[in-house]
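Have a look at the structure below before the remarks.
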Amino acid sequence: MPQDNEALIKAEHLKIYFKRKTGTTHAVDDVSFEIKRGETFGIVGESGCGKSTLGLSLIRLMTDPATRMEGNVYFHGKNILDLKGKELKEMRMKAQVIFQDPSASLNPRRTIRQILMEPFEIHGLKNSPDLEKRIEELILMVGLDTYHLSRYPHELSGGQKQRVGIARALAMDPELIVCDEAVSALDVSVQAQVLNLLQDLKAKLGLTYIFISHNLNVVYQVSDRVAVMYLGNIMEIATYDQLYARRMHPYTQALLSAIPQVDKNERVERIRLEGDVPSPNNPPPGCRFHTRCSKCMEICKSVKPELREVEPDHFVACHLYDDAQ
Ligand code: SF4
């Protein structure tokens, strides 16, 4: 398991599943890793791989009553799965989220000023003497102007609405922000502006991000380290440089072969994955990727590979590297 003394989040054998009458969905199946303070930790994978479930669970934001969680998630050394009442509220001030669809996450009947006041209302701080000053500070911090405060969401563009979503996430002065497909609904040019804003805010405020996306190109651009997920399992965790120079897991190799190369001199053959992702209600035994892996061996069909450190700070769950130190 990844180890670091500066870890802000540490997940140990985390399992998340949804228990319904129709069966149990294994959304996240026994994952362990750490997120370092001040880094952008990308989580990437195909739709339905469990990346959003994992990211939101790390800050106890799963609202589905069918959700069951096992294992431990430490934030500031406390297991957040045990937190209640005041302690849970305090943790939620320090850990915020930016959602994918800014239109759906902003109340259309409230002005931007009222929307930015919501976190202060929730946390019993709406009578703070400096509230108006703080609201103005927040809107300027995300590149909008104070006149936007009297507007309604429908009067703003998609990019402006997402900036309001970011300002709201910053209101409680958090340490950690989960960006859940935060730029996926935006046009490519607006995407780049919002990504730049997130990078600037991270540097200025010393934030830690968990950046979730199905778009490996975007995750690759902004992340210090990337976790590649497949069917509820983490297949590989590596730094940007490691993924660029030596992607090891067959699934990561396939994902990366599909994105335009940054270095035009590098020619990578496109690896096409055959078949569909199996259902998380009935995942295959052994390596969950074995039904689609061109390098599948006999052992892969019955023995689940552990996520192991195969070179410094580079973790892979694949039997091809069982003998690696
Ligand atoms: Fe492929 Fe086996 Fe590695 Fe899974 S463990 S990725 S099936 S080689």
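All Cα-Cα distances of the chain, cut into 10 Å bins from zero to the largest, leave 5, 25, 33, 24, 10, 3, 0 percent in each bin in turn. The solvent-accessible area of Glu87, taken with every protein chain present and a 1.4 Å probe, is close to 80 Å².
Measuring with a 1.4 angstrom probe and ignoring ligands and nucleic acids, Phe289 comes out at about 0 Å² accessible. Above 21 Å, the calculated P(r) of the stretch 92-181 contains 22 percent of its Cα-Cα pairs. Exceedance of the 31 Å cut-off in Cα-Cα distance is limited, within the set Lys15/Lys94; Lys89/Lys133; Lys21/Lys94; Lys15/Lys204; Lys78/Lys133; Lys36/Lys301, to Lys21/Lys94; Lys15/Lys204; Lys78/Lys133; Lys36/Lys301.
Using the 1.4 Å probe convention, the accessible area of the chain works out to 48 Å² per residue with neighbouring protein chains retained.
On the principal axes of its alpha-carbon atoms, the stretch 198-313 has extents of 49, 33, 28 Å, going from largest to smallest.
Whole-Å semi-axes of the stretch 19-104's equivalent ellipsoid, largest first, each the root of 5 times a Cα gyration tensor eigenvalue?
21, 17, 15
Both numbers refer to the Cα atoms of the stretch 100-241; Rg and Dmax are 16.0, 49 Å. The heavy atoms of Met91 present about 10 square angstrom of accessible area, all protein chains included, probe 1.4 Å.
Result for the chain in a Gaussian network model with C-alpha springs under 10 Å: among Asn107, Asn217, Asn72, the largest mean-square fluctuation is at Asn107. Pairwise inverse Cα distances across the stretch 274-325, averaged and inverted, put the Kirkwood hydrodynamic radius at 11.9 Å.
The values are calculated or read from the model by the stated rules, or taken from the named source; none is laboratory data. Please read these numbers as outputs of a predicted model, since none were measured by experiment. Side chains included, ligands, DNA and RNA excluded: accessible areas come from the protein's heavy atoms. Shrake-Rupley method; radii C 1.70, N 1.55, O 1.52, S 1.80 Å.
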